[in-house]
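Student: Starting off with a structure, shown below.
The values are calculated or read from the model by the stated rules, or taken from the named source; none is laboratory data. Here the structure is a predicted model, which is why all the values come from computation and not from measurement. Cβ: placed from backbone, ideal geometry, glycine included. Neighbour counts: every protein chain shown. Note: accessible area is taken over every heavy atom of the protein model, side chains too, but ligands, DNA and RNA are not part of it. Shrake-Rupley method; radii C 1.70, N 1.55, O 1.52, S 1.80 Å.
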Amino acid sequence: MSLTVAIPKGRLGNQTIDMFKSAGIGETIDEDSRKLIFEDKKNDIVFMLLKNSDVITYVENGVADIGISGKDMVMEKNADIYELYKMNIGRCKMSVAGIKGKRIFKDDTILNVATKFPEIAKKYFSVKGQKIKIIKLNGSIELAPILGLSDVIVDLVETGNTLKANGLEIFDDMYDINAMIISNKISYKFKREKIKETIEIIRAEDEKNDKNN
Ligand SMILES: Nc1ncnc2c1ncn2[C@@H]1O[C@H](COP(=O)(O)OP(=O)(O)OP(=O)(O)O)[C@@H](O)[C@H]1O
Ligand SMILES: O=P(O)(O)OC[C@H]1O[C@H](OP(=O)(O)OP(=O)(O)O)[C@H](O)[C@@H]1O
């Protein structure tokens, strides 16, 4: 049976597809076409291109044997999967941020938190004993404090350019984030050799790219 691989469309997917291609795998993948599924007959792998936040769902349900997902999504979905390899791509931080110079402390009152990651934010603030209200957004999170929708945001920060350009700053660093190769648990039992072989190929490309950067 072929190995099925879930690739997120967008920044992580583009880099991963390049890695596969330079190892001679997935040469049939055409990111410019509207097709979402590509078969590499030579290597007996089927690639599916998914929305980033859906990769975990496909892997957890076994429709994809393995997938590439940001650690942020792995934490947010708390899925029953294996994390097999931590990649050097997709490196950023998850942070609490808000309007520069206006760090808010609200001991007994509720802090309004805008984020794409409600579960991560809830756990983080609950450990700190801070009561919060989540405002779930899907993008442009940095707008929320500027427009008065929230007190703070919980979001990813890489260069810090988006925060800076919008007059925000980091209040607290929460977690280091990177891309992960994840696997369905049953697939790992029955396709272990093929999965390991594929991860070794990606690992070699990932390490090679990391050295060159
Ligand atoms: N600025 C960034 N720098 C580095 N890695 C990032 C950055 N933003 C996101 N990532 C990582 O890349 C993954 C994919 O991000 P991308 O922006 O392509 O997806 P998305 O559009 O947020 O997808 P979705 O809306 O489905 O969640 C994230 O889950 C995260 O792990
Ligand atoms: O620190 P920086 O290098 O500026 O990167 C951080 C930005 O990148 C991500 O957004 P993305 O580009 O995915 O846009 P969206 O989530 O707003 O759609 C993240 O949500 C931040 O907004």
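Student: Using beta carbons and a limit of 7 Å, which pairs, at least six apart or on different chains, have the first residue in region 122-144 and over 16 Å from M94 (Cα atoms) and touching a residue at least 24 places away in the same chain (Cβ under 8 Å) and the second one within 16 Å of ligand 2 (Cβ to nearest atom) and of a type outside the set (F, W, Y)?
Tutor: A144/A114; A144/I135; A144/L137; A144/S150; A144/I153
Student: Moving on to the next point. Please go through region 142-165 and pick out each residue that is near ligand 2 (Cβ under 10 Å from one of its atoms) and open to solvent by 60 Å² or more (accessible area, probe 1.4 Å).
Tutor: Residues satisfying the conditions are L143, E158, T159, N161, T162, K164, A165.
Student: Does N78 fit the bill of being open to solvent by 20 Å² or more (accessible area, probe 1.4 Å), touching a Pro at 6+ places or on another chain (Cβ under 6 Å) and not hydroxyl-bearing (S, T, Y)?
Tutor: Spelling it out, it is not the case that N78 is open to solvent by 20 Å² or more (accessible area, probe 1.4 Å), touching a Pro at 6+ places or on another chain (Cβ under 6 Å) and not hydroxyl-bearing (S, T, Y).
Student: Right, here's the next one. Which one is most open to solvent (accessible area, probe 1.4 Å), of the residues in region 2-15 that are more than 9 Å from ligand 1 (Cβ to nearest atom) and outside any strand (DSSP E or B)?
Tutor: Result: Q15.
Student: Further question: How about region 35-47: which of its residues are touching a residue at least 40 places away in the same chain (Cβ under 8 Å) and open to solvent by less than 20 Å² (accessible area, probe 1.4 Å)?
Tutor: I45, F47
Student: Out of E76, E119, report the one residue that is closer than 29 Å to N213 by Cβ and either within 16 Å of ligand 1 (Cβ to nearest atom) or of a type in the set (A, V, I, L, M) (or both).
Tutor: When all the criteria are applied, what remains is E76.
Student: For region 124-141, which positions are assigned to a helix (DSSP H, G or I) and either within 16 Å of ligand 2 (Cβ to nearest atom) or of a type in the set (A, V, I, L, M) (or both)?
Tutor: Within region 124-141, just V127 meets the criteria.
Student: Further question on the same structure: Among the listed residues D18, D32, D54, which satisfies the condition of being open to solvent by 20 Å² or more (accessible area, probe 1.4 Å), in a loop (DSSP other than H, G, I, E, B), acidic (D, E) and in the same structural domain as E83 (by TED's automatic domain parsing)?
Tutor: D32
Student: Condition first: of a type in the set (D, E, K, R), away from ligand 2 (no atom under 16 Å from the Cβ) and farther than 13 Å from I182 by Cβ. Now tell me which residues in region 25-68 satisfy that.
Tutor: Passing the criteria: E27, D30, E31, D32, R34, K35, E39, D40, K41, K42, D44.
Student: If I filter region 147-170 for residues that are at pLDDT below 95, at positive phi and either outside the structural domain of E83 (by TED's automatic domain parsing) or small (G, A, S) (or both), do I get at least one hit?
Tutor: No, every residue in region 147-170 fails to be at pLDDT below 95, at positive phi and either outside the structural domain of E83 (by TED's automatic domain parsing) or small (G, A, S) (or both).
Student: Looking for something surrounded by fewer than 22 Cβ atoms within 10 Å (Cβ to Cβ) and assigned to a loop (DSSP other than H, G, I, E, B) - is there at least one such residue anywhere in region 64-71?
Tutor: No, there is no match, as no residue in region 64-71 is surrounded by fewer than 22 Cβ atoms within 10 Å (Cβ to Cβ) and assigned to a loop (DSSP other than H, G, I, E, B).
Student: Pick from region 173-213 the residues that are within 16 Å of ligand 2 (Cβ to nearest atom) and under 24 Å from S53 (Cβ atoms): which of them is most open to solvent (accessible area, probe 1.4 Å)?
Tutor: D176
Student: State all residues of region 72-93 that are within 16 Å of ligand 2 (Cβ to nearest atom) and in a helix (DSSP H, G or I); if no residue qualifies, say none.
Tutor: Correct list: D72, M73, M75, E76.
Student: For I81, are the conditions met, namely being in contact with a helix residue (DSSP H, G or I) (Cβ under 8 Å, 6 or more places away or on another chain) and either in the same structural domain as E197 (by TED's automatic domain parsing) or basic (K, R) (or both)?
Tutor: When the stated conditions are applied, I81 passes them.
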